[in-house]
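Heads up, the thing below is written out as C-alpha cells.
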Amino acid sequence: MTELTRNDIDSHDWAARASEALAQANKLPPGLKRSEAIRKAAQLRIAADMKNWLTAK
C-alpha cells in the first residue's frame with residue numbers, strides 16, 4: 001500500500017471523488033455491486049468531511 005504524504009492528502013479533493021463515486025454507483029443496476037459502490041461512496045464522503053474537520057481553521 002502506498003502511503004500518502006501531507007501534500008498528497010491536502011491536494012486530494014475527497015469531496016469531488018465522493019460525488020463522482022456516487023454518480024457512478026447510481027448508474028449501476030440494482031443489486032450487490034450497486035450497494036457496495038454506494039457504500040464506498042459514503043465512505044469517501046465521510047473521508048471528505050473528516051478532512052474538512054481536521055483542516056478547518
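Values quoted throughout were computed directly from the atomic coordinates according to the rules given, and no laboratory measurement underlies them. Everything quoted here is computed from the prediction, not taken from an experiment. With ideal geometry, Cβ positions are generated from the backbone for all residues, glycine too; neighbour counts draw on all protein chains shown.
Extending 7 Å from the Cα toward the beta-carbon at both ALA23 and ASP49 defines two label points whose distance is 2.2 nm. The alpha-carbon of LYS40 sits under 26 angstrom from the alpha-carbons of these lysines, leaving out residues fewer than 8 places away in its chain: LYS27, LYS51. Peptide packing for 18-30, 36-48 was compared via the average number of neighbouring C-beta atoms within 10 Å per residue; ordered from the highest value, the list is 36-48, 18-30.
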